[in-house]
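One structure is given here, and the rest of the page talks about it.
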Amino acid sequence: MAARPAFRVHRLAAAAAAGLLAVGGLSSAVPVSPALPSGTASGAVRVDQQEGRRGTGVESVLTAAESPDLRADQEAAAAQHQAEAQHRAEAQAEAQRQAEAQQQADAQQAQPAPEAQPMPAPQPAAVFIPVVGAGGQAAVDACAGPVRFTPVTVSVSIAEHDLCGGWDRMGWIQPDTVVSVQGYGTFTAVQRMVVPQGAKEGVLGGFLGGYPPIFLQTCIPGTSEMLLIALR
């Protein structure tokens, strides 16, 4: 009969020792009294540790929730900074292009435009020159058409004022153009010469081959010069 109580004490001691080991394994900072029941001591320690772990878990969740927003804000700020820098660079490039274009325009305006001779009306490859009469300055001023200008004696002069149609009729004629002069025959233009108005007939000797047998004469519009065309 005495053996059974001893067995129970032995089991109680073993349970107490097991409870002490379990508490020591969970936390060495919590003092455990050997006099307390193993269930009570173990339960109190578990509650404290679980509460601690719950707090740590909440903080971790909050930190993880805040991290994507922070990264998104940083990326958005970086993208905005890059866009602003690109916009400034494009604005500077555009301003530079405009400045260069303005400089080119100013340079072109500073250069004097070359004086362009008035272009006569286009004519066929071969031209017919009518002769409406002969005479001096009065015959030319009559503006009736080309006339034989008789004051010139070293060669046959066929003259007409530019304003009366002489420039459009004669101004386009170049060397090698075939010219048919009414009452005088068909010739080939060989050379053009520009002389001052009122020049003496001696300038005709400046043509290649000397005085031509016949030549055309008209003023150049807007100038004080005459165009002479030698025919041979």
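The values are calculated or read from the model by the stated rules, or taken from the named source; none is laboratory data. Small disclaimer: the values here were computed from a predicted structure and weren't measured. Note: ideal-geometry Cβ built from the backbone for every residue, glycine included; neighbour counts use all protein chains shown. Protein only, heavy atoms only, side chains kept; ligands, DNA and RNA dropped before computing areas. Shrake-Rupley method; radii C 1.70, N 1.55, O 1.52, S 1.80 Å.
Step through the residues of the range 196-210 one at a time and calculate ³J(HN,Hα) from phi using the Karplus curve (6.51 cos²θ - 1.76 cosθ + 1.60, θ = phi - 60°), rounding each to whole Hz and writing x for Gly and Pro.
x, 5, x, 4, 6, 5, x, 5, 5, x, x, 5, 4, x, x
For residue 177, list long-range residues whose amide hydrogen, built 1.01 Å from N in the peptide plane, is under 5 Å from its own amide hydrogen.
The list, which skips near neighbours in sequence, is 189.
Grab the other residues whose beta carbon is less than 14 angstrom from that of residue 126, score K and R as +1, D and E as -1, and report the net. It would help to have the intermediate numbers written out before the result.
Values: positive: 169; negative: 176.
Once all neighbours under 14 Å are counted, the net charge is 0.
With all protein chains present, how much of the accessible area of the range 174-232 (probe radius 1.4 Å) comes from carbon and sulfur, to the nearest whole percent? All intermediate terms of the calculation are to be shown ahead of the outcome.
Values: 1550 of 2840 Å².
On the range 174-232, the fraction of accessible area on carbon and sulfur atoms equals 55 percent.
Taking amide H atoms as placed 1.01 Å from N in the peptide plane, list the residues 5 or more away in sequence, or in a different chain, whose amide H sits under 5 Å from that of residue 156.
For residue 156, the qualifying residues are 214, 215.
Can you give the % of DSSP beta bridges in the range 79-232 that are antiparallel, to the nearest 5?
Close to 65 percent.
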